[in-house]
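Trainee: Sending over a structure as structure tokens; questions will come in a sec.
The values are calculated or read from the model by the stated rules, or taken from the named source; none is laboratory data. In this text, all values refer to a predicted model and were calculated from it rather than measured experimentally. As a convention, Cβ positions derive from the backbone with ideal geometry for all residues, glycine included, and neighbour counts pool all protein chains shown.
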Amino acid sequence: MRVLSVLSLILGLATFPSFAQQAADTTAPESASPATAQPDGPVTAKKWMISAANPLAAKAGARILREGGTAADAAIAVQAVLGLVEPQSSGLGGGAFVIYYDAKSGKLTTLDGRETAPMDATPRLFQDDQGEPLKFFEAVVGGRSVGVPGTPKLLEEIYKRWGKTEWKSLFDDAIALSTHGFAVSPRLEKLVAKDAKRLVIDPLASAYFLPGGKPLEVGNILVNPAYTESLTALATGGSAAFYTGDIAAAIVEKIRGAVDNPGVMRKADLATYEVKEREPVCVPYRGNDICGMGPPSSGALTVGQILGMLAPFDLAALGPDDPASWQLIGDASRLAFADRGRYMADSDYVPLPVKGLVDPAYLATRSALLQPGLRLEEAKPGTPKWDHAGLLADDEAIELPSTSHFSIIDQFGNALSMTTTIENGFGSRLMVAGFLLNNELTDFSFRSHRNGVPIANRVEPGKRPRSSMSPTIVMKDGKPSFLIGSPGGSRIITYVAKTIIAKIDWGMNVQQAIALPHVVNRFGTFDLEKGTKAESMATELEAMGYKTKVRDLNSGLHGIVVSEDGLEGGADPRREGVVIGE
Ligand code: GLY
């Protein structure tokens with residue numbers, strides 16, 4: 001049945017499985033042991049594992065892993081399918097960060113495939129004629145917000161470093177699905193319907209997502225011949241086929257020609273795009289090293305600050321049901337977000353106290369501000385050790401939830417944690433060559449200065465907007481022990497920190513840790529996850545003086561635990577993801 005349903009997709013047979021059927025089939029045993037994550041129970045396996053946000057994408061990665069490919073090979077296959085089946089979240093038109101553990105050398109590497117601002121962009125990119133910030137969606141929709149995509153070159157880079165399977169074949173599953181069709185998922189249906197009024201601005205996006213003027217529905221079989229062509233070009237010509245030639249020309253034409261809101265990207269911006277290797281940021285926490293992506297991401301620094309501040313507190317004794325735990329986590333997050341807003345940006349453009357921000361002595365002074373049961377009155381940025389004199393004003397970037405995360409372990413012990421995005425759901429809403437273009441530049445602060453003082457995360461030509469993406473590998477005794485990451489705008493940081501605490505302090509298995517309801521505080525108000533027991537924290541948190549707000553908190557955490565007993569994977573029940581392993 002499982003094989004039949006896949007064959008019917010590949011052969012374009014008339015009897016397509018429903019999305020639920022595809023998901024069930026995808027997670028049904030491929031051999032003896034794989035399965036899907038249950039509400040409380042993780043998937044276990046011995047050799048390899050993948051956890052990703054869509055069953056078809058996970059399945060493409062699983063095929064590569066089963067056939068002896070590396071985690072890097074599988075990531076390429078996964079991303080190619082995600083760009084088709086979850087086009088609103090990530091794709092060739094976006095950017096991503098990877099943290100990779102190479103088992104042979106024992107080395108951890110972080111690669112930055114973040115989008116860049118075109119060289120003609122200025123700090124006033126998102127300001128009106130009075131120098132006031134534009135409204136968020138006025139800035140997002142159209143060509144102005146599009147950064148030079150990094151994902152295609154990042155895929156090529158991870159392949160050059162760690163790939164083993166034939167490059168061309170890594171696109172086979174995605175090409176088969178885009179050529180012969182895949183069934184629209186419930187999540188895609190919901191998001192298209194919600195965004196229909198914005199998608200109409202672009203004729204290609206409109207024709208694809210709103211055929212005949214009607215939003216796509218669950219189970220519609222969607223083919224994307226333009227995406228097939230782009231993938232084929234990438235498969236045969238490498239990333240040069242994306243950054244130069246017809247695809248690059250189409251991208252530039254679309255951005256510069258956008259009615260109402262054109263952008264300034266040129267072909268030279270694409271032709272000169274570079275992936276950058278960065279120093280991983282690792283912060284100790286209860287005998288582990290929490291490692292992730294440094295600037296231009298604020299992810300690892302902010303997650304590391306939160307955990308570093310919490311280290312002196314016995315969260316294990318308090319437990320997950322005590323609001324006092326969440327009060328401490330919430331105030332640590334507020335302090336970390338205050339530093340993030342002041343200091344964190346693209347360190348190639350703005351001097352940044354990377355070491356000072358996670359220095360144990362500095363974190364101890366910040367931790368001393370936390371009082372169990374007592375609300376921190378004001379969360380102000382601190383003064384980390386820094387051999388640079390300068391004034392910076394606080395940031396004002398608006399980040400709404402989007403993005404996708406996947407984690408992979410291969411049979412050789414290599415581990416990959418990758419967070420990938422086109423920023424807002426459906427990005428800039430501009431479609432080119434079968435994929436959506438990002439709106440990543442709106443991750444910059446729209447305001448460039450405050451009272452004459454520059455903001456670190458202001459727009460500058462060639463700069464990378466600050467991210468919250470937090471692909472993480474937790475290292476124990478020099479080896480990966482936990483891979484995790486999530487979408488969710490700037491709440492990504494809090495989702496990842498919570499999941500690490502749930503695993504390390506509260507001893508939960510990976511599926512429980514992921515599913516644990518979210519209680520989030522970044523800027524003062526506690527967000528409590530709607531429809532969960534987090535809502536019951538409201539009374540006690542309000543009694544401590546906090547404002548609370550019940551809301552959907554759509555993380556997309558996908559994680560794998562590695563131990564002597566084998567592999568244990570979890571997928572976020574808030575999305576459509578699955579775990580496959582053998
Ligand atoms: N656009 C999501 C992020 O980079 O954090």
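Trainee: Going by the structure shown, is Asp331 touching a residue at least 12 places away in the same chain (Cβ under 8 Å), more than 16 Å from the ligand (Cβ to nearest atom) and either of a type in the set (Asp, Glu) or over 20 Å from Pro372 (Cα atoms) (or both)?
Mentor: Here the answer is yes, as Asp331 does meet what is asked.
Trainee: In the stretch 255-278, is there at least one residue being charged (D, E, K, R), farther than 20 Å from Pro461 by Cα, more than 19 Å from the chain's Cα centre (by Cα) and modelled with pLDDT of 95 or more?
Mentor: No, the stretch 255-278 has no match at all.
Trainee: For the structure I just gave you, tell me whether Leu170 is of a type in the set (A, V, I, L, M), within 25 Å of the chain's Cα centre (by Cα), in a helix (DSSP H, G or I) and within 28 Å of Gly143 (Cα to Cα).
Mentor: Answer is no for this residue.
Trainee: In the stretch 450-463, is there at least one residue being more than 16 Å from the ligand (Cβ to nearest atom) and under 13 Å from the mean Cα position of the chain (by Cα)?
Mentor: No, that holds for no residue.
Trainee: Kindly check whether there is at least one residue in the stretch 429-436 that is away from the ligand (no atom under 12 Å from the Cβ), closer than 30 Å to Arg66 by Cα and not β-branched (Val, Ile, Thr).
Mentor: Yes; the residues of the stretch 429-436 include at least one that is away from the ligand (no atom under 12 Å from the Cβ), closer than 30 Å to Arg66 by Cα and not β-branched (Val, Ile, Thr).
Trainee: Just one of Val184, Val146 is among the β-branched types (Val, Ile, Thr) and touching a strand residue (DSSP E or B) at 6+ places or on another chain (Cβ under 9 Å); which is it?
Mentor: Val184
Trainee: Answer with yes or no whether Phe337 is within 16 Å of the ligand (Cβ to nearest atom), crowded, with 16+ Cβ neighbours inside 10 Å and at pLDDT 95 or above.
Mentor: For Phe337, the condition - within 16 Å of the ligand (Cβ to nearest atom), crowded, with 16+ Cβ neighbours inside 10 Å and at pLDDT 95 or above - is met.
Trainee: Here are some residues: Leu400, Leu328. Which one is of a type in the set (A, V, I, L, M, F, W, C), at pLDDT below 95 and within 29 Å of Glu540 (Cα to Cα)?
Mentor: Unique residue meeting the criteria: Leu400.
Trainee: May I pose another question? Please pick out the residue among Gly570, Gly566, Gly581 that is on the phi > 0 side of the Ramachandran plot, at pLDDT 95 or above and of a type outside the set (Asp, Glu).
Mentor: Criteria check complete, one pass: Gly566.
Trainee: While we're here: If you check every pair at least six apart or on different chains, which have Cβ atoms under 8 Å apart with a residue in the stretch 565-581 that is within 17 Å of Glu529 (Cβ to Cβ) first and a residue that is basic (Lys, Arg) second?
Mentor: What qualifies is Arg575/Arg187.
Trainee: Part of a strand (DSSP E or B) and under 24 Å from the mean Cα position of the chain (by Cα), is that true of Gly570?
Mentor: yes
Trainee: Could you run through the stretch 126-138 and say how many residues are more than 16 Å from the ligand (Cβ to nearest atom) and touching a Lys or Arg at 6+ places or on another chain (Cβ under 8 Å)?
Mentor: Of the residues in that region, 3 qualify.
Trainee: Go through the stretch 184-209 and give me each residue that's among the small types (Gly, Ala, Ser), closer than 19 Å to Asn439 by Cα and surrounded by fewer than 21 Cβ atoms within 10 Å (Cβ to Cβ).
Mentor: Ala196, Ser206
Trainee: For Tyr546, all conditions in the list (1) at pLDDT below 95; (2) part of a loop (DSSP other than H, G, I, E, B) hold save one; what is the number of the exception?
Mentor: (1)
Trainee: Can you tell me which residue within the stretch 272-327, out of those that are hydroxyl-bearing (Ser, Thr, Tyr) and in contact with a Gly (Cβ under 8 Å, 6 or more places away or on another chain), is nearest to Leu363 (Cα to Cα)?
Mentor: Among them, the one singled out is Tyr285.
Trainee: Run Ser325 past the list (1) crowded, with 24+ Cβ neighbours inside 10 Å; (2) under 24 Å from the mean Cα position of the chain (by Cα) and report the number of the one that doesn't hold.
Mentor: Unmet condition: (2).
Trainee: Being within 16 Å of the ligand (Cβ to nearest atom) and among the aliphatic types (A, V, I, L, M) is the filter here, so list the residues in the stretch 93-124 that pass it.
Mentor: Selection gives Ala96, Val98, Ile99, Leu111, Ala117.
Trainee: On to the next question. Could you list, in sequence order, the residues of the stretch 474-532 that are of a type in the set (Val, Ile, Thr), over 20 Å from Val281 (Cα atoms) and within 16 Å of the ligand (Cβ to nearest atom)?
Mentor: The one that is of a type in the set (Val, Ile, Thr), over 20 Å from Val281 (Cα atoms) and within 16 Å of the ligand (Cβ to nearest atom): Val520.
Trainee: Across the stretch 533-562, which residue is nearest to Val43 (Cα to Cα) among those that are of a type in the set (S, T, N, Q) and surrounded by 16 or more Cβ atoms within 10 Å (Cβ to Cβ)?
Mentor: Per the criteria, the residue is Ser555.
Trainee: List pairs: first in the stretch 246-258 and closer than 18 Å to Ala139 by Cβ, second at pLDDT 95 or above and in a helix (DSSP H, G or I), Cβ under 9 Å, 6+ apart or cross-chain?
Mentor: Once the first residue is closer than 18 Å to Ala139 by Cβ and sits in the stretch 246-258, its partners that are at pLDDT 95 or above and in a helix (DSSP H, G or I) give Lys254/Leu204.
Trainee: May I ask you to say which residue of Gly212, Gly181 is out of contact with any Pro (no Cβ under 9 Å at 6 or more places or on another chain), surrounded by 14 or more Cβ atoms within 10 Å (Cβ to Cβ) and more than 21 Å from Gly427 (Cα to Cα)?
Mentor: When all the criteria are applied, what remains is Gly181.
Trainee: Let me ask something additional. Identify, by number, the condition in (1) within 16 Å of the ligand (Cβ to nearest atom); (2) farther than 22 Å from Ile158 by Cβ; (3) small (Gly, Ala, Ser) that Ser470 doesn't meet.
Mentor: (2)
Trainee: Residue under question is Arg187, and the condition is that it be of a type outside the set (A, V, I, L, M, F, W, C), under 20 Å from Ala57 (Cα atoms) and touching a residue at least 60 places away in the same chain (Cβ under 8 Å); does it hold?
Mentor: yes
Trainee: Next question, about the same structure. From the set of residues in the stretch 437-449 that are of a type in the set (S, T, N, Q) and within 16 Å of the ligand (Cβ to nearest atom), which is surrounded by the fewest Cβ atoms within 10 Å (Cβ to Cβ)?
Mentor: Step by step, filter the stretch 437-449, then rank; the result is Ser445.
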